[in-house]
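Following: one structure in structure tokens, then a few remarks.
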Amino acid sequence: MATKPVADLQPRLKVDYNKRLAPGLQKSLNLKNPHEVPRLEKIVLNIGLGKAKDDKKVMETSKNTLRKITGQQPNETKAHKSIAGFKLREGNVIGLKVTLRDARMYEFLDRLINIVLPRLRDFHGVSLTAFDKQGNYSIGFTDQSVFPELSFEETTTPHGLQVILVIKCKEMQHAKALLTGFGMPFEKGTE
């Protein structure tokens, strides 16, 4: 008896998008072409090191955080210009970023919506004002300790984290409909 290879397993949200969400959005948004249906292209996680750019401990903690949360090695972002007021020289490492696509993207979004956001203190939903003109959505975390992949020892040096959901869509309302379909908990009564 042949078993199904592990490589054929699809993330839960990807299967849900392809089978239920995309056809439903096409119908509800009155889109004639299936390629017009809003879809998630990638998720970018970014940590700006700011004043801690010269501190090796913060740099290693930040790299470890992104590595554990995403399962990928983070890329270093470097300064393009020297700015004396910020004690910044061209080529200095000023941040870290990871870009998630396809299966890892859907797995991360699933964990973000169902595990991380409910763990936030005094959480009443994510803001509706975090969309940009293209329909991309940004969420900022002031502390990385809400991610269950990290142990207590790994969260002793707190740093912020920004998550950007890059969505291909025609207008912001289409992006909101997509994220609502995925189960993103938006604030009530702010529409």
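The values are calculated or read from the model by the stated rules, or taken from the named source; none is laboratory data. Quick caveat, the model's predicted, so the values are computed rather than measured. Neighbour counts run over all protein chains shown; Cβ positions are idealised from the backbone, glycine included.
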Verdict on Thr129 being at pLDDT 85 or above and outside any strand (DSSP E or B): yes
query: Restricting the search to the stretch 123-174, which residues are more than 30 Å from Leu21 (Cβ to Cβ) and of a type in the set (D, E, K, R)?
result: Asp143, Glu153, Glu154
- request: Name the residue, out of Asp143, Asp110, Asp132, that is of a type outside the set (Phe, Trp, Tyr) and touching a Pro at 6+ places or on another chain (Cβ under 6 Å).
  value: Asp143
query: Restricting attention to the stretch 106-126, which residues are at pLDDT below 90 and either among the aromatic types (Phe, Trp, Tyr) or not in a helix (DSSP H, G or I) (or both)?
result: Leu120, Arg121, Asp122, Phe123, His124, Gly125, Val126
- prompt: Can you pull out the residues in the stretch 92-106 that are surrounded by 15 or more Cβ atoms within 10 Å (Cβ to Cβ), closer than 19 Å to Gln162 by Cβ and within 17 Å of the chain's Cα centre (by Cα)?
  reply: Gly95, Leu96, Lys97, Val98, Thr99, Leu100, Arg104, Met105
- request: List every residue pair whose Cβ atoms sit under 7 Å apart, with the two residues 6 or more apart in sequence or on different chains, where the first one lies in the stretch 79-91 and is among the acidic types (Asp, Glu) and the second, anywhere, is surrounded by 11 or more Cβ atoms within 10 Å (Cβ to Cβ) and not in a helix (DSSP H, G or I).
  value: Glu90/Ala79; Glu90/Ser82
task: Please enumerate the residues belonging to the stretch 73-91 that are outside any strand (DSSP E or B) and surrounded by fewer than 16 Cβ atoms within 10 Å (Cβ to Cβ).
output: Gln73, His80, Lys81, Ser82, Ala84, Gly85, Phe86, Lys87, Arg89, Glu90, Gly91
statement: Taking the stretch 133-153 and keeping residues under 12 Å from Ile69 (Cβ atoms) and in a loop (DSSP other than H, G, I, E, B) leaves Phe147, Pro148, Glu149, Leu150
task: Output the residue which, of all residues in the stretch 107-128 that are more than 17 Å from Val15 (Cα to Cα) and among the basic types (Lys, Arg), is surrounded by the fewest Cβ atoms within 10 Å (Cβ to Cβ).
output: Arg121
query: If you go through the stretch 142-157 one residue at a time, how many are surrounded by 13 or more Cβ atoms within 10 Å (Cβ to Cβ) and touching a helix residue (DSSP H, G or I) at 6+ places or on another chain (Cβ under 7 Å)?
result: 9
